[in-house]
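Engineer: Structure in structure tokens, see below.
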Amino acid sequence: MKSLRVHEHGGTEKIVIDEIPEPAPKANEAVVKIAATSVNHLDIWVRGGMRNISLPLPMVLGSDGAGIVAEVGSDITDLRVGDRVLISPGTSCGRCEECLSGHDNLCREYKILGEHCDGTDAELVAARRDNIVKLPDGMSFNDAAASSLVFITAYQMLVEKAKVQPLEEVLVMGASSGVGTAAIQIAKLHNARVIAVAGSPEKLEKAKALGADEVINYSTEKISDGVRRLTGKRGVDVVFEHTGQATWSDSILSANRGGRIVTCGATTGP
Ligand SMILES: [Zn+2]
């Protein structure tokens, strides 16, 4: 079967279409025939290589996948061939204290598909049962594949770490990105007031369409000035960071007293 792999780090020319063996499911796995995958910033980091981080190569890229169950392992009783499913990107041991308390992302064996082990950019992918989620009727493969990594990341940041509360004000940096679009929707579901930051009118319109209450165009206004203007100089309760160097000082200036800044990366640099 075909897969997208990198054998060495570098530019997009390092992505090759490789013929690799079809996977056979272990007892607690199902094989999914992939209909849609995603491109996350993580794919760029994995392809390009990350400082002080050694990744196993060659690696199949891709963290998200949606498709149809093609084969079911012998221990699985609640999935059938033909089921429409999503593959969740995080795997863990399932036995340690962190896993059993619901903090599987803190497991010492936690891995993300397409970063620490082979990912989803392949015709067939074997995944453990606890990484497979049945899709509701009406949810497209494209929507499903675009959602999992960014939504679990944004949920972890806003709900688990920042513990966002109703009526709090949340500043979402990089609002047009994957995690940014997820953060807007999660914050609104928690009845927070969202101020979205992006660099063009088109991106800000998209943020509003997703539920943002206010927007700041960083191309025409310093972000922290916009926050002061929109919050009566008070600052926001939660800053949703992931851009790093380009926004970090504005994030600090934008948080109110006792405010929380949560981050998951630094796409513009450390
Ligand atoms: Zn564990």
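The values are calculated or read from the model by the stated rules, or taken from the named source; none is laboratory data. Quick caveat: nothing in here was measured; it's all calculated off a predicted structure. Reconstructed Cβ throughout: ideal geometry from the backbone, glycine too, with neighbour counts over all protein chains shown. Side chains included, ligands, DNA and RNA excluded: accessible areas come from the protein's heavy atoms. Shrake-Rupley method; radii C 1.70, N 1.55, O 1.52, S 1.80 Å.
Engineer: Looking at (1) among the hydrophobic types (A, V, I, L, M, F, W, C); (2) surrounded by fewer than 18 Cβ atoms within 10 Å (Cβ to Cβ); (3) within 24 Å of the chain's Cα centre (by Cα), find the lone condition where Val239 falls short.
Structural biologist: Evaluating Val239 over (1) among the hydrophobic types (A, V, I, L, M, F, W, C); (2) surrounded by fewer than 18 Cβ atoms within 10 Å (Cβ to Cβ); (3) within 24 Å of the chain's Cα centre (by Cα) leaves (2) as the failure.
Engineer: How about the stretch 53-88: which of its residues are surrounded by 13 or more Cβ atoms within 10 Å (Cβ to Cβ), in a loop (DSSP other than H, G, I, E, B), away from the ligand (no atom under 16 Å from the Cβ) and in contact (Cβ under 8 Å) with a residue 60 or more places away in the chain?
Structural biologist: Within the stretch 53-88, Leu55, Leu61, Gly62, Ser63, Asp64 meet the criteria.
Engineer: Now for a different question. Pull out all pairs, ordered by first then second residue, where Cβ-Cβ is under 8 Å, the residues are six or more apart or on different chains, the first lies in the stretch 167-185 and is surrounded by fewer than 22 Cβ atoms within 10 Å (Cβ to Cβ), and the second is among the hydroxyl-bearing types (Ser, Thr, Tyr) and in a loop (DSSP other than H, G, I, E, B).
Structural biologist: Ser177/Thr267
Engineer: A follow-up question, please. Is it the case that some residue within the stretch 114-130 is open to solvent by less than 60 Å² (accessible area, probe 1.4 Å), within 16 Å of the ligand (Cβ to nearest atom) and farther than 23 Å from Ser147 by Cα?
Structural biologist: no
Engineer: Give the residues of the stretch 19-34 that are buried (at least 16 other Cβ atoms within 10 Å of the Cβ) and either in contact with a helix residue (DSSP H, G or I) (Cβ under 8 Å, 6 or more places away or on another chain) or not in a strand (DSSP E or B) (or both), sorted by residue number. If you could, list the steps in order and put the result at the bottom.
Structural biologist: Filtering the stretch 19-34 down to residues buried (at least 16 other Cβ atoms within 10 Å of the Cβ) leaves 23, 25, 29-34.
Those that are buried (at least 16 other Cβ atoms within 10 Å of the Cβ) and either in contact with a helix residue (DSSP H, G or I) (Cβ under 8 Å, 6 or more places away or on another chain) or not in a strand (DSSP E or B) (or both): Pro23, Pro25, Glu29, Ala30.
Engineer: Check whether at least one residue in the stretch 26-46 is hydroxyl-bearing (Ser, Thr, Tyr) and closer than 17 Å to Ala126 by Cβ, and report yes or no.
Structural biologist: For the stretch 26-46, residues hydroxyl-bearing (Ser, Thr, Tyr) and closer than 17 Å to Ala126 by Cβ: present.
Engineer: Taking Ser38 as the residue in question, decide whether it is within 20 Å of the chain's Cα centre (by Cα), polar (S, T, N, Q) and within 16 Å of the ligand (Cβ to nearest atom). Steps first, please.
Structural biologist: Values: within 20 Å of the chain's Cα centre (by Cα): yes; polar (S, T, N, Q): yes; within 16 Å of the ligand (Cβ to nearest atom): no.
Against the criterion (within 20 Å of the chain's Cα centre (by Cα), polar (S, T, N, Q) and within 16 Å of the ligand (Cβ to nearest atom)), Ser38 does not qualify.
Engineer: Same structure, new question: Of all the residues that make up the stretch 1-18, how many are open to solvent by less than 40 Å² (accessible area, probe 1.4 Å) and either part of a loop (DSSP other than H, G, I, E, B) or closer than 21 Å to Val85 by Cα (or both)? Show your work before the answer.
Structural biologist: If we filter the stretch 1-18 for residues that are open to solvent by less than 40 Å² (accessible area, probe 1.4 Å), which is where we start, we get 1, 3, 6, 10-11, 18.
Those left that are additionally either part of a loop (DSSP other than H, G, I, E, B) or closer than 21 Å to Val85 by Cα (or both): 1, 3, 10-11.
Selection size over the stretch 1-18: 4.
Engineer: Somewhere in the stretch 208-218, is a residue of a type in the set (Ser, Thr, Tyr), outside any helix (DSSP H, G or I), closer than 23 Å to Asn256 by Cα and without any contact (Cβ under 8 Å) to a residue 40 or more places away in the chain?
Structural biologist: yes
Engineer: Can you work out which of the residues in the stretch 93-107 that are part of a loop (DSSP other than H, G, I, E, B) and within 20 Å of the chain's Cα centre (by Cα) is nearest to the ligand (Cβ to nearest atom)?
Structural biologist: Let us first name the residues in the stretch 93-107 that are part of a loop (DSSP other than H, G, I, E, B), namely 93-96, 101-103, 107.
Of the ones still in play, those that are also within 20 Å of the chain's Cα centre (by Cα) are 102-103, 107.
Numbers: Gly102: 11, His103: 9, Cys107: 3 Å.
Once the filter is applied, the top-ranked residue is Cys107.
Engineer: Specify the residue that is nearest to Asp143 (Cα to Cα); the eligible residues are those in the stretch 89-106 that are open to solvent by 80 Å² or more (accessible area, probe 1.4 Å) and either in contact with a helix residue (DSSP H, G or I) (Cβ under 8 Å, 6 or more places away or on another chain) or not charged (D, E, K, R) (or both).
Structural biologist: Per the stated criteria, the residue is Leu106.
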